[in-house]
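> I have a structure here, written as structure tokens, and I will follow up with some questions on it.
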Amino acid sequence: MSPGAPGPDRLQPALPSPLQPVDDARFTRHGVQLLLKRDDLIHPDLPGNKWRKLAPNLAAAAAGRTVLTFGGAYSNHLRATAAAGRLLGFPTIGVVRGDELAGRPLNPSLARCAADGMRLYFVDRRAYRAKTIPAGLTGDGLVDDETCVIPEGGSNTAAVHGCAALGRELHGLADTIGVAVGTGGTLAGLAAGLAPGQRVIGFPVVRGGFLGDDVLALQQATFGSRAGDWRLDDRFHCGGYARVSPALESFAADFEDQHGLPVERLYVAKMLFGLTTLATEGRFPPGTRVAAVVTGQPVSSR
Ligand SMILES: *Cc1c(COP(=O)(O)O)cnc(C)c1O
């Protein structure tokens, strides 16, 4: 795109993201090569899968339309959307889960959203689950037919298409790909973008075992059917969303020491823990190239 072009490409994402081999004895001992797919390096304010999911949605918003989206109090998606609004010059509204947060000091993640100009609306959990636009917003005229509404976690069909590019970047370079799963949008697109013979293992970071259905529904909505070779391994959520068990913490701290990679705890650490456990269990045949998708970075390291 030309320098003055509207849209997210103006932010000059570093694409394709780097693929870096790391020397980890827990893999090499079994004849397996571990690679890090550094999606966390795509953009400093919109790292990882948040770039891949937001960019196709923002192409529409860049015309100056307001973007409204949903997230929890620590949502990386809300932060990325707020940053995009600041950088590209469009208004943003965040509908945040938890009405008890209203009127209290903002946590660092929400404070960053607000500093980027995002208007925050707190709704109770039941209203949040309905994922509808709060009545107060339409009444105030802040939201109208032109408003671009992006679902929780940014996972809609445009986002799934955006994540298929991640799969295409890996053609010929890896056999098995590991990715963390929050809403499933990244996995849905990644799996569809891979070549025959490549497969994905998704590691849910939330409890409940419902994500397989969610990924399938996203693929059906986007591609009309199930797409690519993927499965989930539900053993590594460590108790649920945002839970960090002592075993996970010591694994992540050790991985940082060994490889110099800042390990984001809520998603990336669980995925790396899962892949490393599978390698230790001898689940990968010798000669397998395993690519771990580093979907984000710790907030503090930004
Ligand atoms: C949002 C997020 C995910 C989850 O992606 P989904 O498409 O919702 O499954 C994974 N890793 C990081 C770092 C994230 O911020």
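> Using a Gaussian network for the chain with springs between C-alpha atoms less than 10 Å apart, which of these wobbles most: A80, A188, A115?
In the Gaussian network model the winner is A115.
> Taking the Cα-to-Cβ direction at S245 and at R29 and moving 7 Å from each Cα, how far apart do the two end points lie in nm?
2.0
> Over the chain, what is the percentage of antiparallel beta bridges among all DSSP beta bridges, to the nearest 5?
Around 10 percent antiparallel, to the nearest 5.
> Can you compute the helix-only [θ] at 222 nm over the chain? Use -39500 (n - 2.57) per DSSP H run of at least 4 residues, normalise by all residues, nearest 500 deg cm²/dmol.
About -11000 deg cm²/dmol.
> Using a 1.4 angstrom probe and counting only protein chains, how large is the accessible area of R65 in Å², to 10?
About 80 Å², rounded to the nearest 10.
> Go ahead and run the numbers for FRET between A127 and V299, Cβ-Cβ distance against an R0 of 22 Å, rounding to 0.05.
Given R0 = 22 Å and the Cβ-Cβ separation, E is 0.25.
> Using modelled backbone amide H atoms (1.01 Å from N, in-plane), which distant-in-sequence or interchain residues come within less than 5 Å of G178's amide H?
I201, A291, A292, V293
> Can you list the lysines whose alpha carbon sits under 19 Å from that of K50, skipping same-chain ones fewer than 8 residues off?
K37, K270
> Could you rank T69, T280 by how accessible they are, 1.4 Å probe, largest area first?
The most accessible residue leads, giving T280, T69.
> Sticking with this structure for a sec: Project the alpha carbons of the chain onto their principal axes and report the range along each, largest first, in whole Å.
Principal extents (largest minus smallest coordinate, Cα): 62, 44, 35 Å.
> If you don't mind, there's one more thing I want to ask. In degrees between 0 and 90, to the nearest 10, how far off the longest principal axis of the chain does helix 268-280 point, with axes built from Cα atoms?
So the helix axis and the longest Cα principal axis differ by about 20 degrees.
> Let me ask something else about it. List every residue whose amide H lies under 5 Å from the amide H of V32, counting only residues 5 or more places away in sequence or on a different chain, with H placed 1.01 Å from N in the peptide plane.
For V32, the qualifying residues are G287.
> Same structure again: Hey, what angle do you get for helix 157-169 against the long axis of the chain, alpha-carbon based, 0 to 90 degrees rounded to 10?
30
> Still on this model: Would you list D257, D144, D24 from the most to the least accessible area, probe 1.4 Å?
Correct descending sequence by accessible area is D257, D144, D24.
> Just to be sure I understand the model, the point goes 7 Å from the Cα along the line to the Cβ. What's the resulting Q220 to H259 distance in nm?
If labels sit at Q220 and H259, their model points lie 3.5 nm apart.
The values are calculated or read from the model by the stated rules, or taken from the named source; none is laboratory data. Note that the structure is a prediction, hence the values are computed from the model and not measured. Note that we place each Cβ from the backbone using ideal geometry, even for glycine, and neighbour counts take in every protein chain shown. Accessible surface areas use protein heavy atoms only, side chains included; no ligands, DNA or RNA. Shrake-Rupley method; radii C 1.70, N 1.55, O 1.52, S 1.80 Å.
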